[in-house]
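**Q** Sharing a structure here in structure tokens format.
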Amino acid sequence: MEKKRNDKIDNIKFLLIFCVVFGHLLELYPDSNPAMLLYRIIYSFHMPAFLFVSGYFARQGRTKLIRQMLVLYVVFQTLYLLFQHAIAEDGSELALQYTTPNWVLWYLVLLVYYYLLLPLLETDKPKTMGIIAAGAFVLAVLVGFDSSVSYFMALSRFFVFLPFFLLGLYASKLAGTEKGTALLSRRRLWTVLCGAGALLGAAYIRWAQVPINALYGTCGYEVNGTTPLMRVIWFAVALCWIGLLFCLVPGRKIPGVTVIGRNTLPVFLLHGFLVKGIVFRYLGTFPSFQYTGLETLVLTAVLALAILLLLGNPVADKAFKKVFLW
């Protein structure tokens, strides 16, 4: 895997951005619906995988990217708050604030944090990589004991998702080295192990009735009603899914897939206006479907794909960059 344009990673990004949109549409379903198990499975890996990919392509000295992320955060935080106020029916006053990221915007905040820390995190020594990554995982588990670390400036998510960003960063360092090549040469073994881990993780989520809040990484254990062990298992499951994606997703261009995988940012930032506006506001909870059949789930997936096609095509991406990225 190279740091230049990579079809495999673009294909993975397509699957991940589909999971983002599909997962947000699944929030329409009542908690009692069996499809919510799929929702929990998606949330067990899709954002850790996105942070892994972000870490893989991270480089020092990208001040322009940091500036762009900050601008995008301020702009879209404002737009989302204005939009939600416009479609709300409770008559509440508009409250603009920038210390608690709205909805998906915490991801932008985390990228700013991590890029600013790159000079301290980057290393070419495998042993040092292991120590830093292990320390980040321990810190991600320990932070759950402090309930005061939560939504404010996405601090809880900063600690919880840092290990995945670091693993992506260090994977890019090891790619092409003797150790990295040796690991990649055992692809069949990793596929079996990661596949088994992903299946066991899905079974655990079903058996333990893992609260969805436990997979957001936003609050401590006391608030979520979870345990440190549950967070450790979540991390292990997420790593299995990440490994499985890299083992199984093809590394060639796939028509309609690879190109959207290259244009995930406009989908990520703009799909909320469609989901929150068209779906939540005007279609409500689709009461006529009652969420009883497979056809409803298929319809939800088709709607998610339609949103990807609308916002992730090259024309939309070019327009987005022209308006928001200078």
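The values are calculated or read from the model by the stated rules, or taken from the named source; none is laboratory data. This structure is a prediction, so every number in the text was calculated from the model and none was measured. Neighbour counts are summed over all protein chains in view; Cβ atoms, including those assigned to glycine, are modelled from backbone coordinates with ideal geometry. Surface accessibility is based on the protein's heavy atoms, side chains included, excluding ligands, DNA and RNA. Shrake-Rupley method; radii C 1.70, N 1.55, O 1.52, S 1.80 Å.
**Q** Are any of the residues in segment 76-89 modelled with pLDDT of 95 or more, hydroxyl-bearing (Ser, Thr, Tyr) and either at negative phi or surrounded by 19 or more Cβ atoms within 10 Å (Cβ to Cβ) (or both)?
**A** The answer is yes; a qualifying residue exists.
**Q** Further, regarding this structure: Regarding residue 136, is this residue surrounded by fewer than 13 Cβ atoms within 10 Å (Cβ to Cβ), farther than 19 Å from residue 268 by Cα, of a type in the set (A, V, I, L, M) and without any contact (Cβ under 8 Å) to a residue 60 or more places away in the chain?
**A** no
**Q** Further question on the same structure: Do you know which of the residues in segment 44-86 that are among the small types (Gly, Ala, Ser) and within 17 Å of the chain's Cα centre (by Cα) is farthest from residue 23 (Cα to Cα)?
**A** By that ranking, first place goes to 58.
**Q** Let me ask another. Return the only residue of 148, 172 being touching a helix residue (DSSP H, G or I) at 6+ places or on another chain (Cβ under 8 Å), of a type in the set (Ser, Thr, Tyr), more than 14 Å from residue 239 (Cα to Cα) and modelled with pLDDT under 95.
**A** 172
**Q** Would you check which residues across segment 50-70 are out of contact with any Gly (no Cβ under 9 Å at 6 or more places or on another chain), in contact (Cβ under 8 Å) with a residue 12 or more places away in the chain and either open to solvent by 50 Å² or more (accessible area, probe 1.4 Å) or within 30 Å of residue 236 (Cβ to Cβ) (or both) and list them?
**A** Within segment 50-70, 50, 59, 60, 62, 69, 70 meet the criteria.
**Q** Do we have residue 8 as open to solvent by 20 Å² or more (accessible area, probe 1.4 Å), assigned to a helix (DSSP H, G or I), in contact (Cβ under 8 Å) with a residue 12 or more places away in the chain and more than 13 Å from residue 212 (Cβ to Cβ) here?
**A** yes
**Q** On the basis of being modelled with pLDDT under 90 and either touching a Pro at 6+ places or on another chain (Cβ under 6 Å) or among the small types (Gly, Ala, Ser) (or both), does residue 35 make the cut?
**A** Spelling it out, residue 35 is indeed modelled with pLDDT under 90 and either touching a Pro at 6+ places or on another chain (Cβ under 6 Å) or among the small types (Gly, Ala, Ser) (or both).
**Q** For segment 226-267, which residues satisfy the criterion of being open to solvent by less than 10 Å² (accessible area, probe 1.4 Å), of a type in the set (A, V, I, L, M, F, W, C) and under 30 Å from residue 323 (Cβ atoms)?
**A** Within segment 226-267, 260, 267 qualify.
**Q** Right, another one. Pick from 73, 43, 29: which is surrounded by 14 or more Cβ atoms within 10 Å (Cβ to Cβ), in contact (Cβ under 8 Å) with a residue 40 or more places away in the chain and under 19 Å from residue 161 (Cα atoms)?
**A** Result: 43 is the single residue among 73, 43, 29 that is surrounded by 14 or more Cβ atoms within 10 Å (Cβ to Cβ), in contact (Cβ under 8 Å) with a residue 40 or more places away in the chain and under 19 Å from residue 161 (Cα atoms).
**Q** How about segment 295-326: which of its residues are surrounded by fewer than 16 Cβ atoms within 10 Å (Cβ to Cβ) and of a type in the set (Gly, Ala, Ser)?
**A** Passing the criteria: 301, 306, 319.
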